1. From Thr1, Thr24, Thr39, Thr53, which residue is of a type outside the set (Asp, Glu), free of Cβ contacts under 8 Å to residues at least 12 places away in the same chain and either surrounded by 13 or more Cβ atoms within 10 Å (Cβ to Cβ) or closer than 30 Å to Ala126 by Cα (or both)?
2. Going by the conditions given, is Lys79 open to solvent by 30 Å² or more (accessible area, probe 1.4 Å), part of a strand (DSSP E or B), touching an Asp or Glu at 6+ places or on another chain (Cβ under 6 Å) and closer than 26 Å to Asn16 by Cα?
3. Which pairs do you get when a residue that is open to solvent by less than 90 Å² (accessible area, probe 1.4 Å), found in region 210-237, comes within reach of a residue that is of a type in the set (Asp, Glu) and not in a loop (DSSP other than H, G, I, E, B), reach meaning Cβ atoms under 7 angstrom, with the pair 6+ apart or on two chains?
4. Tell me which residues, restricted to region 140-174, are touching a residue at least 24 places away in the same chain (Cβ under 8 Å) and open to solvent by 80 Å² or more (accessible area, probe 1.4 Å).
Amino acid sequence: TETDKRIKEIAKNQPNFKDAVENTKAKEGDLVVFDYNATVDEKNFKGGEGKNTQLTLGKDLFLKGFDKQLVGVKKGDDKLVEAILPENFPEKELVNKKAKFNCKIISIKNPEPVKVDDEFAKNLGAKDLNDLKSLISKQINDEYKNSLDRLSKNQILKEIEKFKVSEIPDNLVDEEVKILSQGMSEEDAKKNRKNFEDVAKKRIKVGLILNEFGEQNKIKVTEQELQAEVQKQIRMMPGQEKMVMDFYQKN
């Protein structure tokens, strides 16, 4: 089933590692544990030392191209690895510089499949395997439902866009254009004015028709529903909660 497939995928991405047999060469998928000391132009630098660093070879999560240079190393080896320091490196003067990493290999570990059982489920925060299956199944159903809801809404809005509305008040168009061009320079806003007006007219038309439909069918949105939707939007933008709340309170 889809649920079992999803659980297998999670297990595959969370392997256990066991010490490799002595003199085993590291290959892609293995975990390599090492200490390193790095230099740029033969000089040490801040952040250029690491102890018990762990890398799963092939994931390329440390520095671009670093992993593949460790393929073939054995426990106890000394290995010189060269890599370019990234754009987000804290020491700005070293960004994009080539660094040499003297690595001392402490151990090589091989991945072993994770057993999908109650213990595995507990490590993921479920009560047992059956509980994990229920949670994953619900997650998959929610994903399908959200996708269907999105498709349905998009189809409805496209149909509404085809309706004819004799006249859209200029002041509403101006207000909507202001929102669309928020944070833009005056020059860019002018350049995109025509495009923004077209988008604004479509939005307003859809809004007016839905509003009229709501009036005729006596559809009321409760304060509770409104707050629940605002909270949902806030959760989708972590770190920007205050800004989102301010926006909804002012609009």
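The values are calculated or read from the model by the stated rules, or taken from the named source; none is laboratory data. As the structure is a prediction and not an experimental result, all values here were calculated from the model. In this analysis, Cβ positions are derived from the backbone assuming ideal geometry, glycine residues included, and neighbour counts consider all displayed protein chains. Accessible surface areas use protein heavy atoms only, side chains included; no ligands, DNA or RNA. Shrake-Rupley method; radii C 1.70, N 1.55, O 1.52, S 1.80 Å.
1. Thr1
2. No; evaluated as a whole, the condition is false for this residue.
3. Short answer, once both residue conditions are applied: Ile234/Glu241.
4. Result: Phe163, single match.
To keep it simple, each residue is scored yes or no on (1) without any contact (Cβ under 8 Å) to a residue 24 or more places away in the chain; (2) assigned to a helix (DSSP H, G or I); (3) in contact with a Ser or Thr (Cβ under 8 Å, 6 or more places away or on another chain); (4) more than 30 Å from Gln139 (Cβ to Cβ).
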{"residue": "Lys8", "(1), (2), (3), (4)": "no, yes, no, no"}
{"residue": "Gly72", "(1), (2), (3), (4)": "no, no, no, yes"}
{"residue": "Glu87", "(1), (2), (3), (4)": "yes, no, no, yes"}
{"residue": "Lys100", "(1), (2), (3), (4)": "no, no, yes, yes"}
{"residue": "Ser107", "(1), (2), (3), (4)": "no, no, no, yes"}
